[in-house]
Amino acid sequence: MSLCLGGSFSDLGLSKLVYLSRDNVEALLDMPACIDSMRSAFQAVASGNVQAPQRTIIRMADRPGAFGSMPIYSPGFGSAAKVMTIYPENHDAGLASHQGFILLFAEDHGEPLALIEAGSVTELRTAAVSGLATDLLANPGEVTLCILGSGVQARSHVKAIQCVRDVTRVQVWSRTRGHADRFVDWVSDNSGLHATVYESPEGALAGANIVCTVTAAKEPIVEADWLREGCHLNAVGAFIPTARELDTETIRRARLFVDSRGSAVIEAGDFLIPKGEGVIDEDHIVAELSELVTGKVVGRQSAEELTVFKSLGMAVEDLVAARAVYDKAVAEGVGSKIE
Ligand code: NDP
């Protein structure tokens, strides 16, 4: 496919620019490779090789929607900006809730290299980061996996946790029963695992030793007393100060890790609401994922403790994943030239 806009992008020196669709991304970057890429991303953060301002999020006043932009530069990877809308109720209209693009630029001369469908990259990289955190924080051994939510991230999180642990069982709760049913069918068709739907989060959490919360919930769907001793939890859904998935006691009990302290202290309701209640302070965050990746900070200290990884998503994840997709696309001659 080539796009014609009544002129030529090559006139502007954009001769290298390719478009990579969702299908291209899915064919080029699998979950194990994406987890490796995310390890590299957090190593780059640890070495100070990342320049990125706080992301900009416009929360739309007249509708349940948000528009975000996330620019970044990192030597070795280049520059990128992800621009994306998040409309949580879009599924009712048959559309994805997260839509947008990543524009990737070359490091040496700054030329635009690729326009990449962002929903697929976000789907993969977010779960890959949870997979990485799980690998670093969860107890070893067989896993009963609890997934709260049944959307895009629910699916990619099953794949990611399967990459790092021996999952034997999946327990699912989702707000809409039909969506939970559809998701367990997907799990058995795509992962070879048996999944069971529960009527409540409490039921789905019972006995689980790894938990992923991947919902657009605003109020807690997890209470501390429902969690099995020694479990590891990836809290992925909430990304504004007034929304959370975990109750205060879960955060208070947890050894708490984040992707970015800078973002957690201004965006994460899961952290900010308990802090506002005076139950925890900023020192409650043990470390960022980059400090775990390099071994600077000890992760889990005992088999019994609860570990929580609060994910908000970072531009470096998009840049490094986009770069991996682009490099492979060039090597394999994949993608549509934009000219
Ligand atoms: P989807 O739109 O595909 O799925 C949304 C899920 O949230 C559905 O399972 C839905 O349940 C559930 N849900 C919606 N509203 C509520 C509610 N009020 N209470 C409980 N559950 C609710 O989104 P994704 O899977 O792509 O994303 C899931 C969450 O993760 C979102 O909040 C998203 O913003 C966040 N996210 C975080 C990223 C990060 O880097 N940390 C990156 C990408 C996404 P049902 O369908 O059963 O009603």
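If you check Leu113, Leu104, which single one turns out to be touching a Pro at 6+ places or on another chain (Cβ under 8 Å) and hydrophobic (A, V, I, L, M, F, W, C)?
Going through Leu113, Leu104 in turn, the sole match is Leu104.
Considering only the range 126-174, state which residues are in a helix (DSSP H, G or I) and among the acidic types (Asp, Glu).
Selection gives Asp135 alone.
Looking at Glu229, Glu199, which one is within 14 Å of the ligand (Cβ to nearest atom) and not in a helix (DSSP H, G or I)?
Result: Glu199 is the single residue among Glu229, Glu199 that is within 14 Å of the ligand (Cβ to nearest atom) and not in a helix (DSSP H, G or I).
If you scan the range 54-98, which residues turn out to be within 10 Å of the ligand (Cβ to nearest atom), closer than 21 Å to Ala264 by Cβ, in contact with a helix residue (DSSP H, G or I) (Cβ under 6 Å, 6 or more places away or on another chain) and aliphatic (A, V, I, L, M)?
Met84
So which residues in the range 155-176 are open to solvent by less than 10 Å² (accessible area, probe 1.4 Å) and either without any contact (Cβ under 8 Å) to a residue 12 or more places away in the chain or under 20 Å from Ala96 (Cα atoms) (or both)?
Across the range 155-176, the qualifying residues are Ser156, His157, Val158.
Please determine, by comparing only the residues of the range 83-113 that are touching a residue at least 40 places away in the same chain (Cβ under 8 Å) and more than 27 Å from Ala331 (Cα to Cα), which one is least open to solvent (accessible area, probe 1.4 Å).
Ser97
I'm trying to understand the selection: among the residues of the range 257-279, which are open to solvent by less than 20 Å² (accessible area, probe 1.4 Å) and over 18 Å from the mean Cα position of the chain (by Cα)?
Passing the criteria: only Pro274.
All but one of (1) in contact with a His (Cβ under 8 Å, 6 or more places away or on another chain); (2) assigned to a loop (DSSP other than H, G, I, E, B); (3) more than 10 Å from the ligand (Cβ to nearest atom) hold for His109; which doesn't?
Evaluating His109 over (1) in contact with a His (Cβ under 8 Å, 6 or more places away or on another chain); (2) assigned to a loop (DSSP other than H, G, I, E, B); (3) more than 10 Å from the ligand (Cβ to nearest atom) leaves (1) as the failure.
How many residues does the range 207-226 contain that are over 15 Å from Glu123 (Cα atoms), β-branched (Val, Ile, Thr) and in a loop (DSSP other than H, G, I, E, B)?
Summing the residues that are over 15 Å from Glu123 (Cα atoms), β-branched (Val, Ile, Thr) and in a loop (DSSP other than H, G, I, E, B) in the range 207-226 gives 1.
Could you grab me the full set of residues in the range 16-60 that are closer than 26 Å to Glu332 by Cβ, at pLDDT below 95 and surrounded by fewer than 14 Cβ atoms within 10 Å (Cβ to Cβ)?
Those that are closer than 26 Å to Glu332 by Cβ, at pLDDT below 95 and surrounded by fewer than 14 Cβ atoms within 10 Å (Cβ to Cβ): none in the range 16-60.
Looking at (1) more than 15 Å from the ligand (Cβ to nearest atom); (2) surrounded by 24 or more Cβ atoms within 10 Å (Cβ to Cβ), find the lone condition where Glu304 falls short.
(2)
The values are calculated or read from the model by the stated rules, or taken from the named source; none is laboratory data. If you're wondering where the values come from, they're calculated on a predicted model, not measured in any experiment. Here Cβ is always computed from backbone atoms with ideal geometry, including for glycine, and neighbour counts include all displayed protein chains. Side chains are part of the model used for accessible areas, which takes the heavy atoms of the whole protein and leaves out ligands, DNA and RNA. Shrake-Rupley method; radii C 1.70, N 1.55, O 1.52, S 1.80 Å.
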